[in-house]
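Where a number appears in this text, it was derived from the coordinates with a stated rule and is not lab data. These numbers were taken from a predicted model, which means no experiment stands behind them. Note that each Cβ is placed from the backbone with ideal geometry, even for glycine, and that neighbours are counted across all protein chains shown.
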Amino acid sequence: MSRYPRPHDGQVRLMTKIARMYHERGARQADIAEALSISQAKVSRLLKRAEALGIVRTIVTVAPGVYTELEEQLEQRYGLTEVVIVDVDPEADETETLASIGAGAAAYLEATLSGTDRIGVSSWSQTILAMVDRMRPFPTRGATEVVQLLGGMGAAEAQSHSHRILGELARMLGAEPVYVPAPGLVAGPDIRDSLLADASMQDVTRRWRELTMAIMGIGSVEPSDVLATSGNAFSPEERSPLLAAGAVGDICHRIYRGDGSLVRGDIDDRIIAIPVDDLRRIPRRVGVAGGPRKLDAIRGAVAGGWVTTLITDLRTAELLAAE
């Protein structure tokens with residue numbers, strides 16, 4: 001027996017006619033109402049009934065290079081708001097992987113920024129720089145301000161990298177750039193406290209508490225080339241006890257283990273960066289990273305709730321899902 005009502009039962013013919021006009025010919029509901037001399041409310045009502053009866057069926061076709069099912073699997077597994085998986089050539093080296101993830105992050109920002117966000121950004125991430133390099137200027141304002149999340153001063157060449165990230169991102173978004181007038185890592189707690197007490201740093205710490213979004217690289221304990229030459233990286237002697245404590249990665253110089261728990265120590269008293277509690281209060285925290293060298297760090301970041309959104313490559317996503 002057919003699941004559809006008989007032609008004289010109700011208004012099946014009218015429903016079908018309206019459905020064809022709307023879905024196949026692209027006619028507006030108002031035009032359909034006028035053409036058929038019925039109300040627009042009735043058109044809307046009959047379209048909904050056509051869906052309920054199966055006269056109209058919606059099929060979502062996944063475009064090549066889109067991995068919605070895997071993204072949803074990771075979102076559910078790690079309690080993430082959103083996962084964005086970027087298609088990367090399996091034979092790609094680290095530089096090519098960074099470029100692809102950066103392009104994916106740029107597209108994500110272009111699609112999701114509202115114009116009212118106050119955005120924090122990490123200073124020393126090569127992946128974030130790759131994102132900025134692939135962004136286009138927004139036609140309208142993309143955010144109100146872009147604030148460094150950790151100290152941006154250091155060796156001249158590396159410092160230009162840090163400032164380029166912030167300055168270029170702010171320019172692309174039409175936002176105000178806010179720099180941290182201090183290094184990310186200082187010699188001792190007295191120096192840190194003195195710098196944090198300065199009026200310019202007090203302004204930055206206030207802005208940290210007002211952020212609505214953060215865009216952050218996810219670092220491994222072994223620093224990237226740019227961080228290693230910046231003067232803001234942990235020395236081998238400092239990394240040794242961190243590794244012994246189970247450290248696998250860092251976000252804004254805050255070190256964590258494989259389960260995402262924070263590794264505390266003397267280094268915390270020498271860091272000039274957004275405090276952990278302020279970071280975790282930011283509603284949208286976007287982690288941008290990928291590649292085999294970052295797998296343990298990414299796993300810890302999502303397991304520990306350091307990020308709410310993850311942008312990564314397909315191979316990394318598959319490995320996270322397989323565990």
In region 68-322, what % of DSSP beta bridges are antiparallel (nearest 5)?
-> 25
So for region 68-322, taking the charge dipole from beta-carbon charges (+1 Lys/Arg, -1 Asp/Glu), which of Ala99, Ala199, Val180 sits furthest toward the positive end?
-> Ala199
Post the alpha-carbon centroid distance, region 160-184 to region 66-128, in whole angstrom.
-> 20
Among the helices of the chain (complete DSSP H runs), which have Cα atoms covering no less than 24 Å along the helix axis and a Kyte-Doolittle mean of at least -1.0?
-> 94-112, 156-173
Expected 222 nm ellipticity per residue - DSSP helices of 4 or more, -39500 (n - 2.57), all of the chain, to 500 = -12500 deg cm²/dmol
Sorted by mean Cβ packing within 10 Å, highest first, what order do the peptides 45-53, 33-41, 301-309 take?
-> 301-309, 45-53, 33-41
Stokes-Einstein at 20 °C, 1.002 mPa s, Kirkwood radius from Cα pairs: D for the chain in µm² s⁻¹?
-> 97
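Where does each of 174-185, 83-94, 104-115 land if you order them by average Cβ count within 10 Å, highest first?
Working: 174-185: 20.2, 83-94: 15.8, 104-115: 17.3.
In descending order of packing, they fall as 174-185, 104-115, 83-94.
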Run the quick spin-label model on Arg264 and Arg13: label points 7 Å from Cα toward the beta carbon, then report their separation in nm to one decimal.
-> 7.8
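Let me have the relative contact order for the chain, percent, based on Cα pairs under 8 Å that are six or more residues apart. Walk me through the numbers before you get to the answer.
Details: 565 pairs, mean separation 60.4, N = 323.
With pairs under 8 Å counted, the relative contact order is 19 percent.
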The chain, dipole about Cα centre (Lys/Arg Cβ +1, Asp/Glu Cβ -1), debye to the nearest 20 | 2160
